[in-house]
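What follows is a set of notes on a single structure, which appears directly below.
Taken together, the values in this text are just the output of simple stated rules run on the coordinates, not laboratory data. The model shown is predicted, which means the values in this text are computed figures rather than measured ones. Ideal geometry is used to build each Cβ from the backbone, glycine not excepted, and the neighbour counts take in all protein chains shown.
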Amino acid sequence: MRRLIYLLPVLLFGVLAGYFALALRPGYDPQTLPSAMIDKPAPDFDLAALQGDAKLSRDGLIGKPIVVNFFASWCVPCRIEHPLLMRLSQQEHIPLYGIDYKDKPEDAQRLLTQLGDPYRLIGMDREGHVGLDFGVYGVPETYVIDKTGRIRKRFVGPLSAEQVDQELLPLLRQLSAS
């Protein structure tokens, strides 16, 4: 029994050392959250638009590579990401669609009036069912969907200029060429 007491700290140290060795291995990004949806068809959805009588649906987006951004007016990181989305829409002419997640339409409209509207169309996911189907952990989250409707990339949290230039834009170019 006395040996066990002396071995316990050694065992605890071994477990901690193993955990840190895994967490600090080369190429491991702790901010990357796994997604079971990568390379699978985007969930079927049909949402009322924030403005007008149009609808935002998965079937309406098939045929060209697109970007879908989940956002909300109450989301502070969404406001941080917003100028980059405006750049993507205005300068890069990215086909950017928004899904307003668990939000009130009047609050979303107020946000877009203040900061600008980078989206071609915005669907209202008031209860969060579509976000749940996509596997959204929280907003903002951004998905790249290819022309066949398959999810090719997921960005968790606010997009950075580095992510856009090194990952998103090259992926969209590749998907557009194929």
List the pairs whose first member sits in the range 154-178 and is on the phi < 0 side of the Ramachandran plot and without any contact (Cβ under 8 Å) to a residue 24 or more places away in the chain, whose second member is surrounded by 14 or more Cβ atoms within 10 Å (Cβ to Cβ) and of a type in the set (Val, Ile, Thr), and whose Cβ atoms are under 7 Å apart, counting only residues at least 6 apart or on separate chains? Phe155/Thr142
Tell me, please, whether a residue that is in contact with a Ser or Thr (Cβ under 6 Å, 6 or more places away or on another chain) and closer than 28 Å to Asp165 by Cβ can be found in the range 30-47. no
State the number of residues belonging to the range 139-162 that are surrounded by 14 or more Cβ atoms within 10 Å (Cβ to Cβ) and within 17 Å of Arg79 (Cα to Cα). 10
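Among Gly128, Gly116, which is of a type outside the set (D, E, K, R) and within 12 Å of Phe71 (Cα to Cα)?
Working: Gly116 fails: within 12 Å of Phe71 (Cα to Cα).
It is Gly128.
Answer yes if at least one residue in the range 131-152 is of a type in the set (Asp, Glu), part of a loop (DSSP other than H, G, I, E, B), in contact (Cβ under 8 Å) with a residue 12 or more places away in the chain and in contact with a Lys or Arg (Cβ under 6 Å, 6 or more places away or on another chain), and no otherwise.
Of all residues in the range 131-152, those of a type in the set (Asp, Glu) come to 133, 141, 146.
Applying the additional criterion that residues be part of a loop (DSSP other than H, G, I, E, B) yields 146.
The next check asks that each one be in contact (Cβ under 8 Å) with a residue 12 or more places away in the chain; those that pass are 146.
This time we only want the ones that are in contact with a Lys or Arg (Cβ under 6 Å, 6 or more places away or on another chain), so: 146.
Yes, the range 131-152 contains at least one residue that is of a type in the set (Asp, Glu), part of a loop (DSSP other than H, G, I, E, B), in contact (Cβ under 8 Å) with a residue 12 or more places away in the chain and in contact with a Lys or Arg (Cβ under 6 Å, 6 or more places away or on another chain).
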